[in-house]
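Working notes, structure below.
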Amino acid sequence: MALLPEVKKHYGKQLFFINGAWLEPQSGSWEENKNPATGEEISRFAAATSEEARAAVEAAHRAFATWKEVPIRDRARLLFDMRAKFEEHFEQMCRVLTQDHGRTIGESRGSVRRVIENIESACSAVYGLSKENEHVEQLARGIDQYLTWEPLGAFLIITPGNIPMHAWSSFVPYALAAGCTVVVSPSRQDPLAAEYICRVAQEAGFPPGVINMIHGGRNINKEILMQPDIKGVGFIGSNRAGHELFQLCGKLGKTSSINGNGKNHVVVMPDADLDEASRWLLRSCFGMAGQRCLGTDNVVVIGDIYDGLKSKLKEAAAAMKIGYGLDEETNLGPMATRSGREQVELWIEKSLSEGAGIVLDGRNVKVTGYEKGYFLGPTILEDVNVDMSTAREEAFGPVAALIRCDDLDTAIQWINTKTNMGHSACIMTGSGKDARKFVREVNVGNVGVNLGVPQPYAFFPLGSRRESFLGSAKSRMGSMRLFMDEKTVCTRWV
């Protein structure tokens, strides 16, 4: 298969989208946005000023007054039209995402398909609003009572660098379905993907101010959240930034959905099919260059299969083709940023200094023709124990840390106590009894059986727990409770 053509070599200056218009930033201070595979500039972007942030908030607040009154069927029609636009631009969006983030084209296609599924889920949520309402007649003599859900207003949506499009779709379509408006502040790691998804969404014809987007940063995000007209925040990113936002929401009395870091596990039982397990682990540990919220770097191996699994995983990982994600034969693309790669390399060095061994070392990988890219090959560590920082801190890169374990009870105890994060955990087994025990006892929000990444479908919430989630509502379908509040009405007409 040939290298797919880029949509553009360079996309020029990136603009802000405020009140239905694309505007050039006022600061005049432009930053480079580079293709992680080539290390070459593909666009330039600028951070918003306080005045631009306030303008976006004011636009969203003004638009809310009319958007909330748009009939449900008309909101649904616009969401269906947006879905059609995403299908129309599907391949372009995938290639832009690969250029901007670095993932393979197959991973981009999967991600954009998840975006479309979230829009479909939001469409169903629009028509499902009436099901949330409750009506009781003759509650007392002559008294009826009913419950309704109403949209809250304008929201800040902050998307991360690892899933810029998928995270957008985990909140924005649901906010629009609920009758809310948004100000989107994407990560500075891959701003082009964030702008492109906004452009495609707006082709559906949403009224001015319903969707707004600026390139901000931590300080601008806090400033936006502090505006009285912003009712809450949907966030996916680091625990550090998430905790700051959550504390600010507490002080301000605002709602939030804060999705942070993870430290995920895959448990491989003695009866697992090791060929299948090694294939699932490729996706879990090395997919998206390890920059995946529900990906894994802790592989807990039960019993005497350790050497067999290590051998098969090493062979499969060493065979992965590393390169530019627009090459359809590529299995592993670059890290999204140079600094991200450097952080993972430091994480590996720290693990080795703590006593871990190395089975496969991806730190010195060279990709012909892409010498300036941010590539890191698949890396497998062994002799890892659960008291090492390696086993407790998220690598966020293409790393698998093999951990020996005697039995399932101990593995579950480690997952529940050795880390305070609770995104996901998977078990690979042929035993229904062991699988059921694992599902019931493991204290994480997303559980997988005989797969590597327990990704919930769009109409299920992302069920993360403990330090991996803070707030009043989960993302995706669960975010409908972020964007709406209950109103109970008691009437007497008799």
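So, ILE302, is that one β-branched (Val, Ile, Thr), out of contact with any helix residue (DSSP H, G or I) (no Cβ under 9 Å at 6 or more places or on another chain) and not assigned by TED's automatic domain parsing to the domain that holds PHE171 or not?
It is false that ILE302 is β-branched (Val, Ile, Thr), out of contact with any helix residue (DSSP H, G or I) (no Cβ under 9 Å at 6 or more places or on another chain) and not assigned by TED's automatic domain parsing to the domain that holds PHE171.
Go through region 243-262 and report how many residues are outside any loop (DSSP other than H, G, I, E, B) and either of a type in the set (Gly, Ala, Ser) or out of contact with any strand residue (DSSP E or B) (no Cβ under 8 Å at 6 or more places or on another chain) (or both).
Matching residues across region 243-262 total 8.
So ALA76 clears everything in (1) at pLDDT below 95; (2) of a type in the set (Gly, Ala, Ser); (3) more than 30 Å from SER108 (Cα to Cα) except one condition, right? Which one?
That leaves (3) as the condition not met.
Given the condition more than 15 Å from ILE220 (Cβ to Cβ), without any contact (Cβ under 8 Å) to a residue 12 or more places away in the chain and outside any strand (DSSP E or B), answer yes or no: does some residue in region 24-39 qualify?
Yes.
Quick check on this structure: which one of GLY355, GLY340, GLY369 is buried (at least 18 other Cβ atoms within 10 Å of the Cβ) and either assigned to a loop (DSSP other than H, G, I, E, B) or outside the structural domain of CYS94 (by TED's automatic domain parsing) (or both)?
Going through GLY355, GLY340, GLY369 in turn, the sole match is GLY340.
List every residue pair whose Cβ atoms sit under 6 Å apart, with the two residues 6 or more apart in sequence or on different chains, where the first one lies in region 466-494 and is more than 30 Å from GLY422 (Cα to Cα) and the second, anywhere, is at pLDDT 90 or above.
Within 6 Å, the pairs are LYS487/GLU150.
Considering each of ALA59, ALA21, ALA53, ALA63 in turn, give the residue that is farther than 30 Å from VAL365 by Cα and within 26 Å of the chain's Cα centre (by Cα).
Testing whether each residue is farther than 30 Å from VAL365 by Cα and within 26 Å of the chain's Cα centre (by Cα) leaves just ALA53.
Take the residues in region 263-300 that are touching a strand residue (DSSP E or B) at 6+ places or on another chain (Cβ under 7 Å) and charged (D, E, K, R); name whichever of them is nearest to ARG465 (Cα to Cα).
So the residue we want is LYS263.
So which helices (runs of 4 or more DSSP H) are wholly in region 64-156 and hold at least 3 residues that are among the hydrophobic types (A, V, I, L, M, F, W, C) and surrounded by fewer than 18 Cβ atoms within 10 Å (Cβ to Cβ)?
Where helices (runs of 4 or more DSSP H) fall fully within region 64-156 and carry at least 3 residues being among the hydrophobic types (A, V, I, L, M, F, W, C) and surrounded by fewer than 18 Cβ atoms within 10 Å (Cβ to Cβ), they are 72-88.
Looking only at region 206-221, filter to residues that are at pLDDT 95 or above and surrounded by fewer than 24 Cβ atoms within 10 Å (Cβ to Cβ); which one of those is nearest to the chain's Cα centre (by Cα)?
Residue satisfying both the conditions and the ranking: PHE206.
Here is a check on your reading of the model: is GLY179 in contact with a Cys (Cβ under 8 Å, 6 or more places away or on another chain), in contact (Cβ under 8 Å) with a residue 12 or more places away in the chain and under 18 Å from LYS254 (Cα atoms)?
No; evaluated as a whole, the condition is false for this residue.
Can you find, within region 225-271, the residue that is surrounded by the fewest Cβ atoms within 10 Å (Cβ to Cβ) among those that are among the acidic types (Asp, Glu) and over 21 Å from the mean Cα position of the chain (by Cα)?
Ranking the candidates gives ASP271 first.
Considering region 1-23 alone, what residues qualify as being assigned to a strand (DSSP E or B), surrounded by 19 or more Cβ atoms within 10 Å (Cβ to Cβ) and not β-branched (Val, Ile, Thr)?
PHE16, PHE17
Checking the conditions here, which among ILE197, ILE224, ILE236, ILE214 is under 17 Å from GLU24 (Cα atoms) and not basic (Lys, Arg)?
ILE214
If ARG95 satisfies every condition in (1) more than 22 Å from GLN291 (Cβ to Cβ); (2) over 18 Å from the mean Cα position of the chain (by Cα) but one, which is the exception?
(1)
Give region 250-268 a look and list any residue that's more than 30 Å from ASP409 (Cβ to Cβ) and either among the small types (Gly, Ala, Ser) or touching a residue at least 60 places away in the same chain (Cβ under 8 Å) (or both), or say none.
Result: GLY250, GLY253, THR255, SER256, SER257, ILE258.
I need the full set of residues from region 49-90 which are in contact with a Gly (Cβ under 7 Å, 6 or more places away or on another chain) and acidic (Asp, Glu), in order please.
ASP81
Can you pull out every residue in region 428-453 that is touching a residue at least 40 places away in the same chain (Cβ under 8 Å) and in contact with a His (Cβ under 9 Å, 6 or more places away or on another chain)?
VAL444, ASN446
The values are calculated or read from the model by the stated rules, or taken from the named source; none is laboratory data. Keep in mind it's a predicted model, so treat the numbers as computed, not measured. Every residue, glycine among them, receives a Cβ derived from its backbone with ideal geometry; neighbour counts consider all protein chains shown.
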